[in-house]
2 protein chains.
Amino acid sequence: MQDNIATFKALGDPTRQQILGLLAREELTIAEVASKFDMTRAGVKKHMILLERGNLISVTPRGRERLNRLNPEGFRAITDWLGFFDNFWDEKLNALANVIKDENK
Amino acid sequence: MQDNIATFKALGDPTRQQILGLLAREELTIAEVASKFDMTRAGVKKHMILLERGNLISVTPRGRERLNRLNPEGFRAITDWLGFFDNFWDEKLNALANVIKDENK
DNA sequence: CTTAAATAAAACCAAATGGTATCATGAGTC
DNA sequence: GACTCATGATACCATTTGGTTTTATTTAAG
């Protein structure tokens, strides 16, 4: 799906970044996540949907509850995207180095 | 400022990602950027403001026009943020490796 | 100095977002 | 079967966003 737009969009919100921080320590149900915020379960749920849409979390049912955990896919999508620009900075630095070399020769 | 929220928010839009792609090849004025899109200059300008707010571009005046170029700061902000989770994946993989080792001993 | 070009700034509009409260559903427990 | 409990789904509200058009403001060129 390579929809890194949805991934970046999901990361552009402080609440969702905090949720990811929580899930980095342990898998949690929606109710457990909601208990850490001053927000309704329904409100948290909507954030979870956006995180899921960005492939930043995945959900697996366990009985009547659902466990949310981090999903590497979304993280990899933005790492990949960044790679393109890392390339760019390298070229810029090389170009700069060449200019300096030319000036000194 | 470390407002990576503004940076992620700026990246969560396809038009703005395309603008960054253009600026990776050459510095451009707003009018030049706008000429590549089916959009008003004013519309492009608003995107540029969001990109600037996320430290993804920087603007320097040259006569009556303004040159827009990529700014490494925003890119570094999200690379840094990703670092935390890279750490997380490493730990997960180590934990998994240990489980496998225990099962085989 | 007048005029044109590039940008900035403001008012406005439709659509998406972050949140709420309310109702429906599905799994465990008695 | 009846009853909770965790979740899902929906309708609704205020604010932000992506875009337009229109109106300044600054700089270059005659």
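The values are calculated or read from the model by the stated rules, or taken from the named source; none is laboratory data. Here the structure is a predicted model, which means the values were calculated and not measured. Heads up, the Cβs are rebuilt from the backbone with ideal geometry, glycines too, and the neighbour counts pull from every protein chain shown. Only protein heavy atoms, including side chains, enter the accessible area calculation; ligands, DNA and RNA are left aside. Shrake-Rupley method; radii C 1.70, N 1.55, O 1.52, S 1.80 Å.
For region B:56-99, taking the residues that are open to solvent by 60 Å² or more (accessible area, probe 1.4 Å) and within 16 Å of DNA strand C (Cβ to nearest atom), the one that is nearest to the other protein chains (Cβ to nearest Cβ) is identified as B:R69.
Take the residues in region A:33-55 that are small (G, A, S) and more than 8 Å from DNA strand C (Cβ to nearest atom), then tell me which one is most open to solvent (accessible area, probe 1.4 Å). Lay out the reasoning, then the answer.
Initially, region A:33-55 is screened for residues small (G, A, S), giving A:34-35, A:42-43, A:54.
Adding the requirement that they be more than 8 Å from DNA strand C (Cβ to nearest atom) leaves A:34-35, A:54.
Working: A:A34: 10, A:S35: 91, A:G54: 0 Å².
For region A:33-55, the residue satisfying everything is A:S35.
Residues that are hydroxyl-bearing (S, T, Y) and closer than 26 Å to B:D13 by Cα within region A:45-76 comprise just one, A:S58. Taking region A:7-32 as the range and being without any contact (Cβ under 8 Å) to a residue 60 or more places away in the chain, open to solvent by less than 20 Å² (accessible area, probe 1.4 Å) and either at the interface with another protein chain (Cβ under 8 Å from one of its Cβ atoms) or more than 12 Å from DNA strand C (Cβ to nearest atom) (or both) as the test, the residues that pass are A:G12, A:L20, A:L23, A:A24, A:L28, A:T29.
State whether the residues of region A:40-57 include one that is on the phi > 0 side of the Ramachandran plot and modelled with pLDDT of 95 or more.
Step one: of region A:40-57, the residues on the phi > 0 side of the Ramachandran plot are A:55.
Those still in the list that are modelled with pLDDT of 95 or more too: A:55.
Yes, there is a match, as at least one residue in region A:40-57 is on the phi > 0 side of the Ramachandran plot and modelled with pLDDT of 95 or more.
Does B:R53 satisfy the condition of being free of Cβ contacts under 8 Å to residues at least 12 places away in the same chain, more than 9 Å from every other protein chain (Cβ to nearest Cβ) and within 12 Å of DNA strand D (Cβ to nearest atom)? Taking the combined requirement at face value, the residue does not satisfy it.
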